[in-house]
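The values are calculated or read from the model by the stated rules, or taken from the named source; none is laboratory data. From a predicted model like this one, the values you see are computed outputs, not experimental measurements. Here Cβ is always computed from backbone atoms with ideal geometry, including for glycine, and neighbour counts include all displayed protein chains.
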Amino acid sequence: MNASAALARAGYWAILSAAILLFLFPIYWIVSMSLKAPIDVFAMPPVWWFRPTLESYRELFGDAPTLRYLVNSTVISSLAVLLALGLGVPAAYALSRLQRRWKDTLLFTILCVRMIPPMSLGLPFFLMFLRLGLLDTHLGLALVYLSLNLPLVIWMMKPFFDDVPIALEEAARIDGCTTAQALRLVVAPLAAQAMAAVGILCWVLSWNDYFFALILTREAAKTAPVGITYFIRFEDARWATIAAGATVIALPVVVFSVLVRRYLVSGLTGGAVKQ
């Protein structure tokens with residue numbers, strides 16, 4: 001290896017290392033804040049070496065119903081994913097097999113729904129749910145996330161269904177399957193990894209939402225991102241406890257993503273290459 005190649009390789013690794021440190025530093029800072037004593041959180045200069053303490057986590061689960069907020073987030077996010085996949089997968093399959101001139105216009109319209117700024121939907125959702133009695137309910141918030149996730153499911157699943165040969169469905173129909181049975185027994189298993197990847201993305205988007213959970217919930221359906229604001233009070237803000245809450249909220253997403261990373265990567269890239 002000549003000198004120029006070695007220098008280029010060293011520069012590559014230096015830039016890559018700097019980028020990794022840049023992305024990981026905020027995570028380190030939040031986690032370290034959650035393990036510091038309150039007096040060390042905003043110490044100047046920053047305290048880099050300290051004795052870890054779990055006092056913030058004790059306060060997080062002791063003073064506020066944090067566990068209930070986490071359960072609410074889990075239930076609402078899971079329900080939103082089930083609804084989005086249950087409606088979006090058949091819709092994406094239908095749009096994949098539909099042969100009409102207005103199909104592209106319909107797909108663009110669905111995409112435009114996802115482009116609407118969430119801020120502009122807050123008041124309409126609030127007024128509609130107020131009349132329907134869906135404020136501060138798990139179902140109401142799950143339906144909001146459904147409206148946001150459904151275009152994502154349709155647009156991400158359609159290319160995978162485009163790649164499934166129609167001959168397989170025709171063979172299933174010859175054997176007596178209906179269209180719904182062909183989708184459930186033949187097409188859906190071939191796109192299982194794509195469905196897993198889309199489901200993971202929808203779950204993470206629903207889990208991390210703050211805006212709609214703040215507007216449409218009070219106590220019964222309050223989610224974890226809104227729940228940690230309990231520690232922001234008029235007289236002070238318990239930043240170490242808030243950092244502990246942020247760590248707890250991020251931990252399931254990180255662990256879940258690591259466990260299913262193989263399905264996530266293969267699912268997102270599986271429809272990129274035509275067979």
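For Ser96, state whether it is of a type in the set (Gly, Ala, Ser) and touching a residue at least 60 places away in the same chain (Cβ under 8 Å). Criteria met by Ser96. Is at least one residue of region 43-54 in contact (Cβ under 8 Å) with a residue 60 or more places away in the chain and either in contact with a Lys or Arg (Cβ under 9 Å, 6 or more places away or on another chain) or part of a helix (DSSP H, G or I) (or both)? Among the residues of region 43-54, not one is in contact (Cβ under 8 Å) with a residue 60 or more places away in the chain and either in contact with a Lys or Arg (Cβ under 9 Å, 6 or more places away or on another chain) or part of a helix (DSSP H, G or I) (or both), which makes the answer no. Within region 227-241, being farther than 15 Å from Leu70 by Cβ and among the aliphatic types (A, V, I, L, M) holds for Ile232, Ala237, Ala240. Comparison of Val113, Val81 shows that the only residue that is modelled with pLDDT under 85, in a helix (DSSP H, G or I), surrounded by 10 or more Cβ atoms within 10 Å (Cβ to Cβ) and of a type in the set (Val, Ile, Thr) is Val113.
With respect to the conditions (1) within 18 Å of Ile215 (Cβ to Cβ); (2) at pLDDT 90 or above, Gly88 lacks only one, and its number is (1). Working carefully through the options Ala10, Ala18, Ala5, find the one that is in a helix (DSSP H, G or I) and either modelled with pLDDT of 90 or more or surrounded by 12 or more Cβ atoms within 10 Å (Cβ to Cβ) (or both). Selected residue: Ala18, the only one of Ala10, Ala18, Ala5 that is in a helix (DSSP H, G or I) and either modelled with pLDDT of 90 or more or surrounded by 12 or more Cβ atoms within 10 Å (Cβ to Cβ) (or both). Note on region 84-110: residues that are surrounded by 14 or more Cβ atoms within 10 Å (Cβ to Cβ), closer than 19 Å to Leu148 by Cα and of a type in the set (Gly, Ala, Ser) amount to 4.
Name the pairs: first residue in region 66-79 and touching a residue at least 24 places away in the same chain (Cβ under 8 Å) and more than 17 Å from Ala244 (Cβ to Cβ), second residue of a type in the set (Gly, Ala, Ser) and in a helix (DSSP H, G or I), Cβ to Cβ under 7 Å, at least 6 apart or on different chains? Close Cβ pairs (under 7 Å, with a partner that is of a type in the set (Gly, Ala, Ser) and in a helix (DSSP H, G or I)) amount to Ile76/Ala142; Ile76/Ser206; Ser77/Ser206; Leu79/Ala142.
Yes or no, residue by residue, for (1) assigned to a strand (DSSP E or B); (2) at pLDDT 85 or above; (3) closer than 13 Å to Trp203 by Cβ:
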| position | (1), (2), (3) |
| --- | --- |
| Tyr230 | no, no, no |
| Glu235 | no, no, no |
| Thr241 | no, yes, no |
| Ala244 | no, yes, no |
| Thr247 | no, yes, no |
| Pro252 | no, no, yes |
| Ser257 | no, no, yes |
| Arg262 | no, no, no |
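Number of residues in region 205-227 that are assigned to a helix (DSSP H, G or I) and in contact (Cβ under 8 Å) with a residue 60 or more places away in the chain equals 12.
Take Phe25 and tell me if it is in a helix (DSSP H, G or I), under 16 Å from Val248 (Cα atoms) and either among the aromatic types (Phe, Trp, Tyr) or in contact with an Asp or Glu (Cβ under 8 Å, 6 or more places away or on another chain) (or both). Answer is no for this residue.
State yes or no: is Arg51 of a type in the set (D, E, K, R) and more than 20 Å from Phe231 (Cβ to Cβ)? Criteria met by Arg51. For region 131-141, the count of residues that are buried (at least 19 other Cβ atoms within 10 Å of the Cβ) and assigned to a loop (DSSP other than H, G, I, E, B) is nonzero. Does Ala167 satisfy being part of a helix (DSSP H, G or I), at negative phi and surrounded by fewer than 20 Cβ atoms within 10 Å (Cβ to Cβ)? Yes, satisfied.
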